[in-house]
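Student: Mind looking over this structure? Questions follow.
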């Protein structure tokens with residue numbers, strides 16, 4: 001019975017993967033037509049309309065999909081973006097500030113990064129996380145992160161390219177965790193790091209953001 005059911009589902013999918021009549025698909029963003037694409041009754045390839053990014057504006061946007069055809073069409077909307085300084089969630093429980101002690105250094109020198117993670121609420125925020133973005137020319141030093149963990153200043157840490165992630169067990173009401181990292185200037189150039197964020201482990205929708213840090217690393221004399 002299972003094999004027969006799967007065969008029937010496969011046959012149904014094959015028979016219905018293409019529209020049974022021709023039509024036109026259109027996209028409007030904030031009331032402006034971005035594009036439209038006609039399709040034939042035997043169309044099997046996905047219908048794609050690009051160019052939405054140029055029509056998007058700061059704040060809320062309305063994307064409207066219109067279809068002139070005989071049968072309903074399934075659809076998806078795929079949106080991705082980057083920002084040097086994303087907007088923090090208005091109800092974020094945490095606050096985040098990051099800074100460098102200087103804007104330039106020579107290779108082999110250290111640049112101190114200070115990160116302050118504060119609790120904006122009157123209750124304990126359990127399991128806070130801070131993802132600290134690093135400019136590409138600076139490198140975190142593992143021995144220092146291990147010392148911070150051994151001293152109990154952080155509960156755990158992870159490192160990846162251009163980022164250090166710090167974990168705590170919690171942060172008390174109106175309290176602040178402050179961490180200082182001595183980053184090694186390793187590559188010459190001017191770099192902007194990715195934005196940093198802080199949020200409770202269980203609620204990554206309520207993020208506090210801080211803009212990417214900028215540094216210039218000069219070659220050694």
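Student: Please compute the Cα-Cα pair-distance distribution of the chain with 10 Å bins starting at 0, giving whole percents from short to long.
Tutor: Calculated P(r), rounded to whole percents: 7, 23, 20, 16, 17, 13, 4, 0.
Student: For segment 176-221, compute Rg over Rh where Rg is the Cα radius of gyration and Rh is the Kirkwood radius from the inverse mean 1/r over Cα pairs.
Tutor: Computed over Cα atoms, the ratio is 1.11.
Student: Choose one answer from 185, 105, 55: the residue with the largest mean-square fluctuation in a GNM of the chain with alpha-carbon springs under 10 Å.
Tutor: Residue with maximal mean-square fluctuation among 185, 105, 55: 55.
Student: Please compute P(r) over all alpha-carbon pairs of segment 100-148, binned at 5 Å starting from zero, and give each bin as a whole-number percent.
Tutor: 4, 13, 23, 22, 15, 11, 8, 4, 1
Student: Follow-up question, since we're still on this one. Output the direction-averaged projected area (hull surface divided by four) of the convex hull of the alpha-carbon atoms of segment 50-105, in nm².
Tutor: Averaging across all directions leaves 7.9 nm² for the Cα convex hull.
Student: So, one more: Relative contact order of segment 56-148, please, whole-number percent, based on alpha carbon pairs below 8 angstrom and at least 6 residues apart.
Tutor: Averaging sequence separation for qualifying contacts and normalising by length gives 20 percent for segment 56-148.
Student: Further question on the same structure: In nm, to one decimal, how far is the residue 32 label point from the residue 75 one, both placed 7 Å along Cα→Cβ?
Tutor: With each label placed 7 Å out from Cα toward Cβ, I get 1.9 nm.
Student: Under a crude label model (7 Å from the Cα following the beta-carbon direction), how far is residue 56 from residue 172 in nanometres?
Tutor: 4.2
Student: Using Cα atoms only, what is the angle between the long axis of helix 2-16 and the major principal axis of the chain, expressed in degrees (0 to 90) to the nearest 10?
Tutor: With rounding to tens, the tilt is 80 degrees.
Student: Can you tell which of 94, 142, 56 shows the greatest fluctuation in a Gaussian network model of the chain with Cα springs below 10 Å?
Tutor: 56
Student: Looking only at the chain, where both bridge partners belong to it, what percent of the DSSP beta bridges are antiparallel (to the nearest 5)?
Tutor: 95
Student: Further, regarding this structure: In percent, what relative contact order does segment 17-65 have, based on Cα pairs under 8 Å that are 6 or more apart in sequence?
Tutor: Computed value for segment 17-65: 42 percent relative contact order.
Student: Taking Cα pairs under 8 Å and at least six residues apart, what relative contact order does the chain come out at, in percent?
Tutor: Reported as a whole number, the value is 22 percent.
Student: At 0.890 mPa s and 25 °C, plugging the Kirkwood radius over alpha-carbon pairs of segment 94-218 into Stokes-Einstein gives what diffusion coefficient in µm²/s?
Tutor: D = 168 µm²/s.
Student: Still on this structure, I have one more. Using a Gaussian network model of the chain with C-alpha springs under 10 Å, which one of 152, 211, 35 is most mobile by mean-square fluctuation?
Tutor: With Cα springs under 10 Å in the chain, the top fluctuation among 152, 211, 35 is at 35.
Student: A follow-up question, please. As a test of the formula, what do you get for the chain when each DSSP H run with n ≥ 4 contributes -39,500 (n - 2.57) and the sum is divided by the residue count, at 222 nm and rounded to the nearest 500 deg cm²/dmol?
Tutor: The per-residue figure over the chain is -3500 deg cm²/dmol.
Bear in mind that the values in this text are calculations on the coordinates, not laboratory data. Values in this document were obtained by computation on a predicted structure and should not be read as measured data. Note that each Cβ is placed from the backbone with ideal geometry, even for glycine, and that neighbours are counted across all protein chains shown.
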